[in-house]
Amino acid sequence: MARSRKRFAALLAFAPMALPLAAMAQTVKIGVILTYSGPNAQVGDEMNKGLDLYVKTHAKDLPPGLKVELVKRDDTGPNPDVAKRVAQELITRQHVQLLAGEVFSPNAAAIAPMTKQAKMPFVLMNAAGVSIPRISPYIVRTSFTLWQVSLPMGEWAAKHECKTAYTAVSDFIPGYDAQGGFTKGFTDNGGKIVGTVRFPLANPDFVPLLQRIKDAKPECVFTFVPAGKQATAWVKAWSDTGMKEAGIKLVTTQDVMLDEEMRNMGDIPLGVVSSGNYSVAATRPQNKAFLAAWDKAYGTSAIPDFTSVGAWDGMAMIFDMLKATKGKFTPDQAMAFFAHWKNPNSPRGPIMIDPNTRDIIQNIYLRRVEKEGGKLANVEFATFKMMKDPWKELNPAK
Amino acid sequence: MAEASAVEIFARRHRLHPLEALPWLAAAAGFFVFPGYLALGGQILATILYAISADLVLGYAGIVTLGQAAFFGTGAYTAGVLAAHGWGEPISGLLAAALAAALVGYASGLLVLRSSGLGLLMQTLVVASLLAEAANKWNSVTGGADGLQGMVVWPIFGRFEFDLYGRTAYLYTLAVLFLGWVAARHIVHSPFGRSLTGIRENALRMPAIGAPVARRRLAVYTISAAFAGIAGGLIAQTTQFVGLDVMGLERSGSVLIMLIIGGVGELYGAFIGVPLYMIVQDRFAVADPVYWYFWIGLLMVLLVVFARGGVLGLVRALRARLRR
Amino acid sequence: MSAFVTIAFDGFAFAMVLYLISVGLSVTMGLMGFVNLAHGVFAMAGGYVMTTLMTRAGLPFAVALLSAAIGVTLLSVAVERLLYRRLYGGDELDQVLMTMGLIFMSVAGATYLWGPVPQPMHPPALLAGQVDLGIGVFPAYRAFLIVCGAVLVTLLWLGVERTRFGIALRAAVDNLRMAQSLGIDTSRLFTLAFALGSGLAALGGGLGADLLAIHPGYALENLVYFLIVVAVGGLGSVRGPFVAALLLGFADTAFKYLLPQFGAFFIYALTMAILLLRPRGLFGRG
């Protein structure tokens, strides 16, 4: 009895020391909006893995007593109405201090006005529609823009691959952007666009469309569809209709040549050139370290892709801000930090945020699909260094 | 014997029952008790109006339709496009929504109501699909798959702004729902409304007593479309966004589900079925959206097989048993 | 005209798939007067079982397909006896609601069992790639669909014309009371017809997995197309939906080729026009 009383007294002696620690304990709530259900859950899952991995491996880097709480919500796919409702709930019901994530541009565009009204910083981790950061001053992006990725593709294609091209894209914001960027890069370098089409976003069957394109006999066909199963269907149709055999080359962006999805395409994509900001096959040491951490957490059957890296870097930026402000920040302070953020050690190479546009500046790589170790890989062979978003350069804000 | 008060006389003439005040008291209480949930609350109220519109055709006139979303969506896009192109006045926007939806209702009713049974069901579905596809393609106006961006809704009467927490939206929607309910109740208890029940029960006999069947069905179809259009306009204005889902098959189908849960043809089925459905769905969406589909599907199957009258039907059965 | 040939070919293949899936629905609706919105669930189930048997159990294409069809047929008999039977001759709204409930459950069930991502479909090597048919070079699998579809359709029509079952079926569709008074066991007939329709749907779903992707939202997403085939073809008819499927298959493919940006708009407009002129469909009876 006496011993436990002594122990109790000893504990009481330490109690006053515990109080300041308790007062210091602070939780920063971050609302994460991703697609967790439906046919596009694949992409959401990749991003979720990316940001979870960063939080897990870097939680110790935060100041003592500071914790991060992720409040995750599902936008169920490219459904702007759901995304908007979910964002509103996170702001008004959960009282988050930051918003992060978003796979789809239409969703991000629907959320954007609210971030302005509520002064809520929003770290865009994937959605690539060019004009989204302009809708609200509280938006910053760590992924890429489609002009940034597709303009170099057009430029390279005109110089090295083909004189004529046909563009076929899904009928929504990212599709328009991809088409616009490619066309500018292509035509500025002597290429000629012989045909262009926008097909419905929910398109089950690409064969008739591709036969139409085949009959127009372009040298290249450029496409953009949402990453995932539609990409596989497109690529298979490209082969099934004989376009590949007829020599009509496919040029596209990393969304269609997704590292993870390529496993389902057989050998069809061999030789296809695409442009992107990240390939799993990249050999830089930062990527190797990233892949090692990924394999350890998720096993070697799960492959990261550019969406995972977008989420990873977005989380890195948030963590850097929390470290700099010790977890106490106003929305404007957070945005000021974000606008000047740099990361020379991203798995994709050096990246930074453009303070004028709050959009990302990064290397864009041209990659060719080759076989490495019996598996298909996007092997980087050319680099467009530290590219800003060309669309904003060409269309300055008024 | 005490004289009947003015209130009692009024109540008796309009067949008002004290229990009818319940939904309104609950809605008013909700405003104060759940300040963080007003956005959802406002959407529930607007959807109740939508369900009332469906109940008019379904429960009272017996027209089974899988295309009610056509009118809801038309109203939503009308109010939305006006607000996105410079005219953000909410009340006139709602009136425009009602008018547009009524026109679509009238036009499609002329075509569709000549059939019955499966043919009618099919045609309502095709009309809704047609309009949904048009909204998808006409994306210069509607925004297509990206949704209608840039809506700016002006403050009501120039004073009450639509705030982030949904307070103004909630009260606005509540007021419109109240007016809509008054109108619906009036229609249902009127001779016109009574004749609808007759048409539903026995369409062959009605002309014999001088009731013009086709005209009445068209009239209720059009009125219902107007109500649905107003509901759509409310959703558009309070969320300041219109997506393709407003015209989708799920929008048409879910309202049927909500009605059957509450009870079809009772007018109050909407007040019970809609909140139940939407609140449970909201809770499930956080926990596990996949399971939601399973349980709601199972519920529907069980309801149809065992509890056809919905909640109100069960209540009635219970009361009957208690009286015995 | 090469474009015309291409469209005709692809359209024909699509039409075959649509017909196989929808003919059962036409018979069910015409015979039992039952609005079975959940018919697409059986097609989806056929697709899922087939692809699962191929990828997990490594079974060859034909074996997997047939097993799927048989399995789904048995399942449909159970569903018919337990649920559908109760609502024959009942209120239309009831049927709509119950079958919608079944669709919802199928969405959740498929997501739970197979996840939300569409099932990969790899046709056997024999049927992959292209084939030269003289008039042009076409995707081999689509050529196979046409042949396979033609064979099945022929068998079906022969069956309906020549077998006792087929005669009883047609009699019951024409006049149920009369058929009953002539001693036809309509209850058993209903079950057999339902099973046959569901089995064909499963075959169509499996064969057409390339054209109509197998994913949890299948039954809901393709519902309108199946209903269009039935409504335009006419209830209770076995030939009517064939014509409707051809129309729909060609039109859809033609529009995807000529005007891909318009989606299904013209299909719906065309359907509306036909239904206005012929509310019972082109060959409707029941």
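Here are the numbers for this structure:
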| quantity | calculated |
| --- | --- |
| Scope the stretch A:194-219; condition in a loop (DSSP other than H, G, I, E, B) and facing another protein chain (nearest Cβ under 7 Å); matching residues | A:Pro200, A:Leu201, A:Pro204, A:Asp205 |
| Members of the stretch B:1-26 that are modelled with pLDDT of 75 or more and surrounded by 10 or more Cβ atoms within 10 Å (Cβ to Cβ) | B:Glu20, B:Ala21, B:Leu22, B:Pro23, B:Trp24, B:Ala26 |
| Count - residues of the stretch A:160-212 that are touching a Ser or Thr at 6+ places or on another chain (Cβ under 8 Å) and of a type in the set (A, V, I, L, M, F, W, C) | 13 |
| Elements of type strands (runs of 3 or more DSSP E) contained in the stretch A:331-398, each with 2 or more residues being of a type in the set (S, T, N, Q) and out of contact with any helix residue (DSSP H, G or I) (no Cβ under 6 Å at 6 or more places or on another chain) | A:359-372, A:375-387 |
| Tally, over the stretch C:91-137, of residues that are more than 9 Å from every other protein chain (Cβ to nearest Cβ) and either of a type in the set (Asp, Glu) or touching a Phe, Trp or Tyr at 6+ places or on another chain (Cβ under 7 Å) (or both) | 8 |
| Pair list, Cβ under 8 Å, 6 or more apart: the stretch A:202-217 residue within 13 Å of C:Leu259 (Cα to Cα), other residue modelled with pLDDT under 85 and in a loop (DSSP other than H, G, I, E, B) | A:Leu209/A:Asn203; A:Leu210/A:Thr241; A:Gln211/A:Thr241 |
| Qualifying positions in the stretch A:279-293 - crowded, with 18+ Cβ neighbours inside 10 Å and of a type outside the set (A, V, I, L, M) | A:Ser279, A:Asn287, A:Phe290 |
| Scan of the stretch B:250-306 for residues that are within 14 Å of the chain's Cα centre (by Cα), of a type in the set (Gly, Ala, Ser) and within 11 Å of chain C (Cβ to nearest Cβ), ordered by number | B:Ser252, B:Gly253, B:Ser254, B:Gly265 |
| Enumeration of residues in the stretch B:120-154 that are within 14 Å of chain A (Cβ to nearest Cβ) and out of contact with any Gly (no Cβ under 9 Å at 6 or more places or on another chain) | B:Ala134, B:Asn139, B:Ser140, B:Gly144 |
| Filter result (in contact with a Gly (Cβ under 9 Å, 6 or more places away or on another chain), hydrophobic (A, V, I, L, M, F, W, C) and without any contact (Cβ under 8 Å) to a residue 60 or more places away in the chain) within the stretch C:75-96 | C:Leu93 |
| Scan of the stretch C:215-238 for residues that are out of contact with any Phe, Trp or Tyr (no Cβ under 6 Å at 6 or more places or on another chain) and outside any helix (DSSP H, G or I), ordered by number | C:His215, C:Pro216, C:Gly217, C:Asn222, C:Leu235, C:Gly236, C:Val238 |
| Residue, nearest to A:Tyr365 (Cα to Cα), within the stretch A:237-257, restricted to residues that are touching a residue at least 60 places away in the same chain (Cβ under 8 Å) and not in a loop (DSSP other than H, G, I, E, B) | A:Thr253 |
| Residues satisfying the stated conditions in the stretch B:27-38, i.e. within 14 Å of another protein chain (Cβ to nearest Cβ) and buried (at least 21 other Cβ atoms within 10 Å of the Cβ) | B:Leu38 |
| So B:Ala101, is it assigned to a helix (DSSP H, G or I), hydrophobic (A, V, I, L, M, F, W, C) and within 14 Å of chain A (Cβ to nearest Cβ) | no |
| Some residue of the stretch A:80-103 being under 18 Å from B:Ala236 (Cα atoms), assigned to a helix (DSSP H, G or I) and among the basic types (Lys, Arg) | yes |
| Residues of the stretch B:94-122 satisfying the condition of being under 30 Å from B:Gln149 (Cβ atoms) and within 18 Å of the chain's Cα centre (by Cα) | B:Leu94, B:Leu95, B:Ala96, B:Ala97, B:Ala98, B:Leu99, B:Ala100, B:Ala101, B:Ala102, B:Leu103, B:Val104, B:Gly105 |
| Which numbered condition B:Arg114 fails, given (1) in a helix (DSSP H, G or I); (2) under 23 Å from B:Gly193 (Cα atoms) | (1) |
| C:Phe42 being assigned to a loop (DSSP other than H, G, I, E, B) and more than 14 Å from chain A (Cβ to nearest Cβ) | no |
| Test for C:Leu200: is it more than 14 Å from chain A (Cβ to nearest Cβ), part of a helix (DSSP H, G or I), surrounded by 23 or more Cβ atoms within 10 Å (Cβ to Cβ) and touching a helix residue (DSSP H, G or I) at 6+ places or on another chain (Cβ under 9 Å) | yes |
| Given (1) within 14 Å of chain C (Cβ to nearest Cβ); (2) touching a residue at least 60 places away in the same chain (Cβ under 8 Å); (3) of a type in the set (Gly, Ala, Ser), number of the condition B:Gly117 does not satisfy | (2) |
| Residue list for the stretch C:157-175, restricted to those being in contact (Cβ under 8 Å) with a residue 40 or more places away in the chain and surrounded by fewer than 21 Cβ atoms within 10 Å (Cβ to Cβ) | C:Trp157, C:Val160, C:Asp174 |
| Which listed residue, of A:Met114, A:Met120, is touching a residue at least 12 places away in the same chain (Cβ under 8 Å), farther than 25 Å from A:Arg368 by Cα and in a helix (DSSP H, G or I) | A:Met114 |
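Quick grid of which residues meet (1) polar (S, T, N, Q); (2) within 9 Å of chain B (Cβ to nearest Cβ):
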| site | (1), (2) |
| --- | --- |
| A:Gln88 | yes, yes |
| A:Val96 | no, no |
| A:Thr115 | yes, no |
| A:Val123 | no, no |
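Each row is one residue, and each column tells you yes or no for (1) without any contact (Cβ under 8 Å) to a residue 12 or more places away in the chain; (2) assigned to a helix (DSSP H, G or I).
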site	(1), (2)
A:Leu291	no, yes
A:Trp294	no, yes
A:Thr300	yes, no
A:Pro304	no, no
A:Ser308	no, yes
A:Asp313	no, yes
A:Met321	no, yes
A:Ala324	no, yes
A:Gly327	no, no
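The values are calculated or read from the model by the stated rules, or taken from the named source; none is laboratory data. A quick note: this is a predicted structure, and the numbers were derived from the prediction, not measured. Backbone-built Cβ (ideal geometry, glycine too); neighbour counts: all protein chains shown.
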